Amino acid sequence: MGMGVASREANGPAPYAADPARSLGRLHAEPPSPTRDDFQRDRDRVIHSTAFRRLAHKTQVFVYHEGDHFRSRLTHTIEVAQLARALAKALRLDEELAEAVALGHDLGHTPFGHTGEEALDACMAAHGGFDHNSHGLRLVTELERRYADFDGLNLTQETLEGLVKHNGPLLDAEGRPLERWRKRGVPAAILAYDRQQDLRLRQYPSLEAQAAAIADDIAYDAHDIDDGLRAGLFDLEAIRAVPFVATLLDEIERLHPGLERPRLIHELTRRVITRFIEDVIGESGARLVEARVASLADVQAAGRALIGFSPPLADADRSLKAFLFANMYRHPQVRQVRERADAVVRALFSAYLGDPTTMPADWAAKAGASQAEHARAAADYLAGMTDRFAMNEYRRLFDPAANLR
């Protein structure tokens, strides 16, 4: 019996895991659930949100009509959540918090992937710009209007911190924007919410949020390889230029000579995931020991990411992303669609800014008296669209025969 208790303790949450029983709470106090802890409730609220459902028809890299087997924001998000849970389980972290952050990390994305965000950011240049993390925070704290007692989803502070900071702190120790934000400043919406509920913008987030962030990187790498190969944007010989991938292909061909191409592609992507996940588990465990982390406070005081790749796999990640950027995201076929999507977003924004009555009445009412309020309402409405809805709006307002191809 004693061995059983010891075994359970050894396999229980690590002392540096986030603890839902000690959550910093929600902006609006709520009675506890009799059946779920606070992080489980956060995860469930994200899943049941309108913004989450819309991810099914938002582009990852390809647009929705290029084939049903390519990934959408929703399928990517589910894959990230699975990897985040796997990491959290292996490192004895809180799986529900890791999953909640993973499921919510892309809620603020526009239609048409990064192209849509870049176009909307340019449209909003005079009014603070557009950033998907900032918009995601506004969705879960303000724009989702489902509950009787509050706007937003009223998520715990831990989940909100994870959504805002999963890629690291936003401010340095003196309160100045870190490198990513130095030129344009931290988005005003994040700073405004931080004044209501402290998001600790100078500190790294929980290990659970860090796990969700690196799960996002791994999912991108593995599944963009899969989509790129299946779409014919590059071939297996081309991607052999990445030494990490070449090693995996050699291994597959040694173990399974003559394997047909679809199975070979799947064997490659699953090995990419496995190598990265196993590396992160080993490297992160070593970092936790080296930093002598024994509590959540130690995580926050560490001053660096504790979940990450080893140097060799970090190099592999960079090489793979460089290959994908050149051969997939900048492929002539993809660029052609991106250019047309950019034009659609700019035209819709211009129409809504010029005449708010082209938006539904509830959105037109949000336009407000100032140009900045009007622009933000137009951006919020446009950001919430799926690819399909945005194209239908463009056809309604401009060209009934328009298409992205």
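Summary of values
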{"item": "Breaking point among (1) at pLDDT 95 or above; (2) more than 24 Å from the chain's Cα centre (by Cα), for Arg318", "result": "(2)"}
{"item": "Condition check for Ala343: over 30 Å from His223 (Cα atoms) and assigned to a helix (DSSP H, G or I)", "result": "no"}
{"item": "Hits in region 90-116 (condition: part of a loop (DSSP other than H, G, I, E, B) and either out of contact with any strand residue (DSSP E or B) (no Cβ under 6 Å at 6 or more places or on another chain) or of a type in the set (Val, Ile, Thr) (or both))", "result": "Leu91, Arg92, Leu93, Asp94, His105, Asp106, Leu107, Gly108, His109, Thr110, Pro111"}
{"item": "Residue within region 250-267 that is open to solvent by less than 60 Å² (accessible area, probe 1.4 Å), at pLDDT 95 or above and part of a loop (DSSP other than H, G, I, E, B) present", "result": "yes"}
{"item": "Only listed residue being more than 17 Å from Asp317 (Cα to Cα), in contact with a helix residue (DSSP H, G or I) (Cβ under 9 Å, 6 or more places away or on another chain) and among the β-branched types (Val, Ile, Thr), chosen from Ile225, Ile239, Ile190", "result": "Ile190"}
{"item": "Region 377-393, residues that are out of contact with any Pro (no Cβ under 7 Å at 6 or more places or on another chain), under 19 Å from Arg338 (Cβ atoms) and open to solvent by less than 50 Å² (accessible area, probe 1.4 Å)", "result": "Leu382, Ala383, Met391, Glu393"}
{"item": "Within region 1-20, tally of residues that are modelled with pLDDT under 95 and under 25 Å from Thr141 (Cβ atoms)", "result": "0"}
{"item": "Tally of residues being closer than 22 Å to Gly228 by Cβ and among the polar types (S, T, N, Q) across region 250-309", "result": "2"}
{"item": "Checklist (1) at pLDDT below 95; (2) touching a strand residue (DSSP E or B) at 6+ places or on another chain (Cβ under 6 Å) applied to Leu201, failing item", "result": "(1)"}
{"item": "Odd one out for Arg240 among (1) closer than 26 Å to Ala100 by Cα; (2) over 18 Å from the mean Cα position of the chain (by Cα); (3) open to solvent by 10 Å² or more (accessible area, probe 1.4 Å); (4) at pLDDT 95 or above", "result": "(1)"}
{"item": "Condition check for Leu348: modelled with pLDDT of 90 or more, assigned to a helix (DSSP H, G or I) and closer than 16 Å to Glu117 by Cβ", "result": "yes"}
{"item": "Every residue from region 289-308 that is polar (S, T, N, Q) and at pLDDT below 90", "result": "Gln300"}
{"item": "Filtered residue count, region 352-376, keeping only those that are open to solvent by 20 Å² or more (accessible area, probe 1.4 Å) and touching a residue at least 24 places away in the same chain (Cβ under 8 Å)", "result": "5"}
{"item": "Verdict on Arg338 being in contact (Cβ under 8 Å) with a residue 12 or more places away in the chain and open to solvent by 60 Å² or more (accessible area, probe 1.4 Å)", "result": "no"}
{"item": "Filter pass, Arg287 being farther than 23 Å from Ala209 by Cβ and out of contact with any Lys or Arg (no Cβ under 6 Å at 6 or more places or on another chain)", "result": "no"}
{"item": "Condition broken by Arg292, with the remaining ones in (1) open to solvent by less than 50 Å² (accessible area, probe 1.4 Å); (2) not in a helix (DSSP H, G or I) satisfied", "result": "(1)"}
{"item": "Enumerated helices (runs of 4 or more DSSP H) restricted to region 117-206, each holding at least 1 residues that are β-branched (Val, Ile, Thr) and over 26 Å from Gly354 (Cα atoms)", "result": "157-165, 188-196"}
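The values are calculated or read from the model by the stated rules, or taken from the named source; none is laboratory data. Please read all numbers here as calculations on a predicted model, not as lab measurements. As a convention, Cβ positions derive from the backbone with ideal geometry for all residues, glycine included, and neighbour counts pool all protein chains shown. Protein only, heavy atoms only, side chains kept; ligands, DNA and RNA dropped before computing areas. Shrake-Rupley method; radii C 1.70, N 1.55, O 1.52, S 1.80 Å.
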